[in-house]
1. Would you mind working out the accessible area per residue for the chain, using a 1.4 Å probe, and quoting it in Å²?
2. What are the ³J(HN,Hα) couplings of the stretch 62-74, residue after residue, when phi is run through the Karplus curve with 6.51, -1.76, 1.60 and θ = phi - 60°? Round to Hz, x for glycine and proline.
3. Do the sum for the chain: with -39,500 (n - 2.57) for every DSSP H run of n ≥ 4, divided by all residues, what is the mean residue ellipticity at 222 nm, to the nearest 500 deg cm²/dmol?
4. For A111 and L47 in the same chain, what is the full-extension length gain: residue separation times 0.36 nm, less their Cα-Cα distance, in nm?
5. Grab the other residues whose beta carbon is less than 14 angstrom from that of L133, score K and R as +1, D and E as -1, and report the net.
6. Need the full-extension length gain, A13 to A131, defined as separation in residues times 0.36 nm minus the C-alpha distance. One decimal, nm.
7. In sequence order, what are the phi-derived ³J(HN,Hα) couplings for the stretch 114-126 according to the Karplus relation 6.51 cos²θ - 1.76 cosθ + 1.60 with θ = phi - 60°, rounded to whole Hz, with x for glycine and proline?
8. Of the candidates V104, V52, V117, which one comes out as most mobile in a Gaussian network treatment of the chain with C-alpha springs shorter than 10 Å?
Amino acid sequence: MSHSRQALVVHPAAPDMEEAQRTALSECIDAALSCAQACTTGADSCLEEPGVAHLRHLIRAQQNCAAMSSATAQILSRFGSDFGPTPASVLHALDDLSAFCEDVCRVYAGAYPHCRVTADSCRDLQAAVAALLAAG
């Protein structure tokens with residue numbers, strides 16, 4: 001059981017949450033944190049490549065995705081009784097940004113293994129976001 005999952009189980013508002021929703025929420029938090037890390041490391045890896053200028057748009061996409069993923073994980077971790085439901089707009093924005101980052105990274109995945117890792121992490125995040133949106 002991940003630390004995110006454990007935190008959701010012991011949170012005082014946890015009894016108010018259905019099990020399927022709690023599972024989707026913890027998996028989305030974990031995927032967002034993982035994507036933030038992968039994108040941060042991916043952008044840093046791109047900076048080490050020779051002729052980095054052609055990777056600027058990719059680096060910016062990774063940096064933006066990392067920032068949005070991290071911020072969303074923080075928002076998703078605050079679900080006390082006075083917060084209300086997680087705004088779907090936050091999840092849709094994360095989904096859009098991670099899809100864009102994945103698309104950009106896939107272009108370079110054959111040449112740069114770190115881009116494949118980042119793209120895979122973005123894809124996993126999109127699946128977790130979809131599951132959370134479906135769980136309500």
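1. 52
2. 5, 5, 5, 5, 4, 5, 5, 5, 5, 4, 5, 4, 5
3. For the chain, the value works out to -26000 deg cm²/dmol.
4. Using 0.36 nm per residue and subtracting the Cα-Cα distance, I get 21.6 nm.
5. -3
6. Result for the pair: 40.4 nm of gain on full extension.
7. Listing the rounded values in order: 5, 6, 5, 4, 5, 4, 5, 5, 4, 4, 5, 5, 4 Hz.
8. V52
The values are calculated or read from the model by the stated rules, or taken from the named source; none is laboratory data. As the structure is a computational prediction, the values presented were derived from the model and not from experiment. Note that we place each Cβ from the backbone using ideal geometry, even for glycine, and neighbour counts take in every protein chain shown. SASA here: full protein model, heavy atoms, side chains in, ligands and nucleic acids out. Shrake-Rupley method; radii C 1.70, N 1.55, O 1.52, S 1.80 Å.
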